[in-house]
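Report on one structure; see the data block that follows.
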Amino acid sequence: MHYPRVQGSALALCLVEIFRVNGETRLEGDVYVSGAKNSSLKLMAVALLATGQTTIRSVPDILDVTIMSELLRRLGCAVSYDPQTEVVVIDVPESITHRADYDLVRRMRASIAVLGPLIARTGEADVALPGGDNIGSRGLDMHIAGLERMGCTVTSEHGYLVVQAPTGGLVGTHVYLDFPSVGATETLLMAGVLANGTTVIDNAAREPEIADICEMLVEMGAHIEGIGSSMLTVTGVDELKPVDHTTVPDRIVAGTWGVAAAITQGSIAVHNARTEHLSLVFEKLTSAGAVVSEIVDGFSVTMDRRPTAVDIVTLPYPGFPTDLQPQFIAMNAIADGAALVTENLFEARFRFVQELSRLGAEVRTDGHHALVRGRSTLSSAPVESTDIRAGAGLVLAALVADGETIVHGIEHIDRGYVKFEEQLRRLGADISRETIADLV
Ligand code: EPU
């Protein structure tokens, strides 16, 4: 909804949503974690590989699920989602189209997940070059090199990646990834399951979300060895069948709640979490002074003092996740001592530091290193989320700052966290979602 343009200016007043956060909060209580965003979206793309009705459970009620549903509809599928039960049902017809349009793909990086299934099912794929979070260059060279090794021709035309499989279909091959890319591993995995012969993905990503995709593919009849390891061996089959699959819990959301407990010197029980996916995160929370305990369906984090600063180096799984880096920088900003944080995945992720500095945080960045000197307090200010995790980090910082912080750009947070503010309120936070008129 647009207000009239301000006279003589390129700026316009628009209605936008913000979070208003009153700080100096202690969080206490229980939270329930949904399925992983970065798994659910890919599992929805996996459904394209089999004709018939696929059911995916524990799919979080976030905007990206709506975008992926629309993308699948445009490819010819019938898709329904029930936010109450968190169940997606996808009906895939025998014949699907092969073009993923710019208007949807530009809004969500995960759209690239349809590339592998489209090329495997139809022998061709026209996928608009993706958008998504503004956190770095996020190239596709490894996706392309892998598909070329499988016999495809790949060109870029008018903003689209145009991929054509060889006449006899995709050819199994040995691909060595330069880097264990999550996206490239997924593309080659989904292409490999219906290829002729065996595809070996060497130096594959080992994230739990990749293992989840592999498990669903195996349930569908795919032959995959080495699940959870850095070498995936995929032997192509003629056909896959639709299944009913439950998404792995979101380890990043679970980890965010862990930091929320630690930063607010609170106590949170996190339900539906897989502790084995968070070992290094627990190690860091413990080093910061928190007590982390296993509970029947997850874990709890309790903190009874100011956190101690902890060094972080982000790396592909099982290394420390980049998607928890901003939340840990926020905790370090009010910690006792100084910490060095090294970001190895997304060069632009430190953009969030500028916003955190507005709250009085003392952070110096140099290339992919950030030196954080903890301060005993942060002071409230208006701030802007630059991506999903930066947004979460800013809200966590706002919870401990003195006074009222307005967090802008919360549409980013909504892409990764289901009703974040409602969950925080249940834990005792003073946070509200409001619509305001803002210059954009
Ligand atoms: N890269 C290339 N070339 C490629 C592929 C990747 O240069 O062909 C680079 C990227 O530019 C990036 C790095 O490699 O710098 C990591 O990319 P990767 O493919 O591993 O990640 P992704 O698939 O783009 C997914 C998640 C991210 C998460 C990373 C790492 C989705 C939709 N996104 O991204 O999640 O940070 O893996 O674990 O699954 C988030 O949820 O906030 C988020 C950004």
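Among the criteria (1) touching a helix residue (DSSP H, G or I) at 6+ places or on another chain (Cβ under 7 Å); (2) within 16 Å of the ligand (Cβ to nearest atom); (3) under 30 Å from E294 (Cβ atoms), the one G35 does not fulfil is (1). Among the residues of region 326-356, those identified as assigned to a strand (DSSP E or B), of a type outside the set (S, T, N, Q) and either within 17 Å of E384 (Cα to Cα) or open to solvent by 10 Å² or more (accessible area, probe 1.4 Å) (or both) are D336, A338, L340. Applying a threshold of 7 Å to beta carbon distances and a minimum spacing of six or more residues, or different chains, the list of pairs starting in region 338-349 at a residue that is farther than 16 Å from A361 by Cα and modelled with pLDDT of 95 or more and ending at one that is away from the ligand (no atom under 15 Å from the Cβ) and not polar (S, T, N, Q) reads T342/H369. For region 138-220, the helices (runs of 4 or more DSSP H) that sit wholly inside it and include 3 or more residues that are touching a strand residue (DSSP E or B) at 6+ places or on another chain (Cβ under 7 Å), open to solvent by 10 Å² or more (accessible area, probe 1.4 Å) and in the same structural domain as L49 (by TED's automatic domain parsing) are 141-149. Residues in region 48-67 that are more than 17 Å from L115 (Cβ to Cβ) and under 19 Å from the mean Cα position of the chain (by Cα): I56, R57, S58, V59, P60, D61, I62, L63, V65, T66. For region 357-393, a residue qualifies if it is open to solvent by less than 50 Å² (accessible area, probe 1.4 Å) and within 14 Å of the ligand (Cβ to nearest atom), and the qualifying residues are S385, T386, D387, I388, R389, A390, G391, A392, G393.
So that you can scan it fast, the table gives a plain yes or no per residue for (1) surrounded by 15 or more Cβ atoms within 10 Å (Cβ to Cβ); (2) over 24 Å from the mean Cα position of the chain (by Cα); (3) at pLDDT 95 or above:
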{"position": "Q7", "(1), (2), (3)": "no, yes, no"}
{"position": "V16", "(1), (2), (3)": "yes, no, no"}
{"position": "S69", "(1), (2), (3)": "yes, no, yes"}
{"position": "S80", "(1), (2), (3)": "no, no, yes"}
{"position": "S95", "(1), (2), (3)": "no, yes, yes"}
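Checking the stated criteria, T365 turns out not to satisfy the condition of being within 23 Å of R251 (Cβ to Cβ) and either among the β-branched types (V, I, T) or out of contact with any strand residue (DSSP E or B) (no Cβ under 8 Å at 6 or more places or on another chain) (or both).
Listed here are the residues, each with its yes/no results for (1) under 24 Å from the mean Cα position of the chain (by Cα); (2) charged (D, E, K, R); (3) closer than 19 Å to V395 by Cα.
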residue: K241; (1), (2), (3): no, yes, no
residue: I252; (1), (2), (3): yes, no, yes
residue: W257; (1), (2), (3): yes, no, yes
residue: L285; (1), (2), (3): yes, no, yes
residue: S293; (1), (2), (3): no, no, no
residue: V313; (1), (2), (3): yes, no, no
residue: I329; (1), (2), (3): yes, no, yes
residue: A335; (1), (2), (3): no, no, yes
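For the condition closer than 23 Å to P249 by Cβ and assigned by TED's automatic domain parsing to the domain that holds G360, D387 qualifies. When restricted to residues that are part of a helix (DSSP H, G or I) and either of a type in the set (S, T, Y) or within 15 Å of the ligand (Cβ to nearest atom) (or both), region 229-258 contains 6.
The values are calculated or read from the model by the stated rules, or taken from the named source; none is laboratory data. This is a predicted model, so every value here is computed, not measured. For neighbour counting, all protein chains shown are included, and Cβ atoms are generated from backbone atoms with ideal geometry for every residue, glycine included. Note: accessible area is taken over every heavy atom of the protein model, side chains too, but ligands, DNA and RNA are not part of it. Shrake-Rupley method; radii C 1.70, N 1.55, O 1.52, S 1.80 Å.
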